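Step one of this worksheet: look at the structure below.
Read the figures in this text as sums done on the coordinates, not as results from a lab. Everything numeric in this text was worked out from a predicted model, so none of it was measured. Cβ placement follows ideal geometry from the backbone for every residue including glycine, while neighbour counts extend to all protein chains displayed.
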């Protein structure tokens, strides 16, 4: 991959557990993520703290999960809690090989019982003319909830991201009804990467037999080169979601 290209991964890591919470697989998730050679990771359901699991799983990292996954490979970390409970919290995370100019977490929860947020960062890339804006999201399960979150996201982008700046919005959209397209394509001029390159959305859930198009990578101000759901069987034994891997170049 040339220096002018950018590789990203979006992945709901299911708090480091396999489907059904049968096994703690965070170490294997890290090994799998390293094989992607990604510059930026958009991660959902990142466990920030869980005091009970820490006591019952002998291989629970001594550092935070975002720090454990990042280590020396993605030295720049932005973690934001979405959900808090008595044992700890989890949320979204952005792990990057490049330093953040800034980052902010925006609450998009219309209901007190369904905590959701948008993690919005900007990064200065050496070969890019403008800062890259990246937004990691995990949207709600209910249609009315997602519609409000789309409105909040649209407003955030319109007010805080220059229209000519490169932008990637990636994560778990929970959007099996296809509402995102109405907001992103019409209001924000965003395109979905897998659909642009393959004329359809990627099926990413459940990981062992993907049927639903839950995970997406939207972009603006970049040229997509590739976007794939990796087929290697190792991914089927990790989270209940499959990851998406995309490569972009600077917009010509």
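With the Cα gyration tensor of the stretch 94-196 giving a ≥ b ≥ c as the square roots of its eigenvalues, does the rule (a/c under 1.5 for rounded; else a/b larger than b/c for prolate; else oblate) give rounded, prolate or oblate? Verdict is prolate for the stretch 94-196. Simple spin-label estimate for residue 181 and residue 64 gives 3.7 nm between the two label positions (7 Å along the Cα-to-Cβ direction from each Cα). Note on the chain: helix-only mean residue ellipticity at 222 nm, from DSSP H runs of 4+ residues weighted -39500 (n - 2.57) and normalised by residue number, equals -5500 deg cm²/dmol. Principal-axis analysis of the Cα atoms of the chain puts helix 143-160 at an angle of about 60° to the longest axis. For the stretch 53-123, the Stokes-Einstein estimate of translational diffusion at 20 °C and a viscosity of 1.002 mPa s comes to 157 µm²/s, using the Kirkwood hydrodynamic radius over alpha-carbon pairs. For the pair residue 107 and residue 233, the difference between a 0.36 nm per residue extended length and the Cα-Cα distance amounts to 41.8 nm.
Taking Cα atoms only, the orientation of helix 26-36 departs from the longest principal axis of the chain by about 30 degrees.
Take every pair of alpha-carbon atoms less than 8 Å apart whose residues are at least six positions apart; their mean separation over the length of the chain yields a relative contact order of 21 percent. Packing order of peptides 123-130, 64-71, highest average first: 64-71, 123-130 (average count of other Cβ atoms within 10 Å over each peptide's residues). Inter-label distance, residue 49 to residue 5: 4.1 nm, where each label sits 7 Å from its Cα along the C-beta direction.
Judged by the mean number of other Cβ atoms found within 10 Å, the most tightly packed of the peptides 202-213, 184-195 leads the ranking 184-195, 202-213. The residues 227, 136, when put in order of fewest to most other Cβ atoms within 10 Å, stand as 227, 136.
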